[in-house]
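Please treat every number below as a calculation from the coordinates, not as lab data. Predicted model, so just to flag it, every value in this text is computed and none were measured. As a convention, Cβ positions derive from the backbone with ideal geometry for all residues, glycine included, and neighbour counts pool all protein chains shown.
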Amino acid sequence: MFAVTVRLIVTPDHMAEFMPLMLENARASVADEPACHRFDVLTDPSRPDEVFLYELYEDEAGFGVHRTMPHYLRFDEAVAPMLRSKTVVTYAMVQG
């Protein structure tokens, strides 16, 4: 398995517009990508401008495919101007 975490900081005036796009991208990832096993979207009320993603793929290649999917490309282009920062960290499973 291959895990991906993403920390997104959304500009405050765009969160209402950003979140439906984020949730649709997560839904499409699980529905349309056989290698995507999990795509969680998390927030914390104490950090209202932050969105944390936890994604689980069959392998690194599956994550690579994700980044070429039409739904991801549309999402990425649409939200780019809404973000203050984006930090992606990946992990390969060593046991399990």
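Assorted remarks:
- Packing rank of 87-94, 58-65, where each peptide gets the mean count of other beta carbons within 10 Å, highest leading: 58-65, 87-94
- Cα long-axis angle, helix 15-32 against the chain (0 to 90 degrees, to the nearest 10): 20
- Considering only Thr68, Leu8, Ser29, and ranking their Cα positions along the charge dipole of the chain that arises from unit charges at the beta-carbon of Lys, Arg, Asp and Glu, the one farthest toward the positive end is Leu8.
- Global form of the range 39-84, assessed from the alpha-carbon gyration tensor, a/c cut-off 1.5: oblate
- The charge dipole of the chain, taken about the Cα centre with unit charges on the Cβ atoms of Lys, Arg (+1) and Asp, Glu (-1), comes to about 140 debye, rounded to the nearest 20.
- With coordinates expressed along the principal axes, the C-alpha atoms belonging to the chain extend over 40, 28, 18 Å, beginning with the largest.
- Considering only alpha-carbon pairs that sit under 8 angstrom and 6 or more positions apart, the relative contact order computed for the chain is 47 percent.
- Around Ala3: net Lys/Arg minus Asp/Glu count, Cβ-Cβ under 12 Å: -4
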